[in-house]
Amino acid sequence: MKHKIGFNKLNRVTAHRKALLRNLATVLFKHERIVTTRAKAIETRRVAEKMITRAKEDSVHNRRIVGRKITDEAILAKLFTDIGPRFKDRAGGYTRILRVGARANDAADMVILELVDQKVEEKKAERNKKKAEKKAKTAAKQAG
């Protein structure tokens, strides 16, 4: 049984694992989408979501805490000025993992780790609302 195992060590020593997760999170914030293995994506998601939660409130304290992990000033500024405010009304779940398939050379499960885009979510909600209104109109026509 796998009790009390808090995270995946990814077969790396501590310093290498921390550096890997920092770099993956930095690249995720830069491009807003990365392709990586499933295990790395799950661990990166944990790190990135905590950073985004901090970035929702732009303060010196939060910038310093996140700045310990993201050393690129441009990416840090993007996180606090663009990405954080974008998720202001969202209570978590800022990323999604989409399966791509197996990697050719070693059959590792490859996934796309991306930020959930608010605009896409809003468009889906609008489409669903329009469909519901259309169904209500047709039901009203049939009834009356």
(request) Using a Gaussian network model of the chain whose springs link C-alpha atoms within less than 10 Å, name the residue from Leu115, Leu76, Leu20 with the highest mean-square fluctuation. (result) Leu20
(request) Please report, as a whole percent, how much of the solvent-accessible surface of the chain comes from carbon and sulfur atoms (probe radius 1.4 Å). (result) 52 percent
(request) May I ask you to list the residues of segment 84-114 whose amide nitrogen lies under 19 Å from a point 7 Å from Cα along the Cα→beta-carbon direction of Glu57? (result) 84-94
(request) Let me know the Kirkwood hydrodynamic radius for the chain, please, with Cα pairs as the basis and the value in Å to one decimal. (result) 17.5 Å
(message) At 7 Å along Cα-to-Cβ for each site, give me the label-to-label distance between Arg99 and Ile5 in nm.
(response) 2.0 nm
(message) Using only DSSP helix segments of four residues or longer, with each worth -39500 (n - 2.57), what per-residue ellipticity at 222 nm results for the chain after dividing by its residue count and rounding to 500?
(response) -17500 deg cm²/dmol
(request) Report ³J(HN,Hα) in whole Hz for each residue of segment 90-103, in order, from the Karplus equation J = 6.51 cos²θ - 1.76 cosθ + 1.60 where θ = phi - 60°; Gly and Pro get x. (result) 9, 9, x, x, 7, 10, 9, 10, 10, 6, 9, x, 8, 6
(request) Mind checking which lysines have their Cα closer than 19 Å to the Cα of Lys141? Skip sequence neighbours fewer than 8 apart in that chain. (result) Lys129, Lys130, Lys131
(request) Could you list, in their original order, any pairs among Lys40/Lys124; Lys18/Lys78; Lys4/Lys50 whose Cα atoms are separated by more than 25 Å? (result) Lys40/Lys124
(request) Return the sequence-ordered ³J(HN,Hα) values of segment 6-21 in whole Hz as given by the Karplus equation 6.51 cos²θ - 1.76 cosθ + 1.60 applied to θ = phi - 60°, using x for Gly and Pro. (result) x, 7, 8, 6, 6, 6, 9, 6, 4, 5, 5, 5, 4, 5, 4, 5
(request) With a probe of 1.4 Å, find how much accessible area the chain has per residue, and write the answer as a whole number in Å². (result) 70 Å²
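The values are calculated or read from the model by the stated rules, or taken from the named source; none is laboratory data. Keep in mind that what you see is a predicted model, and the values were worked out from it rather than measured. Note: ideal-geometry Cβ built from the backbone for every residue, glycine included; neighbour counts use all protein chains shown. Note: areas computed on protein heavy atoms with side chains; ligands, DNA, RNA excluded. Shrake-Rupley method; radii C 1.70, N 1.55, O 1.52, S 1.80 Å.
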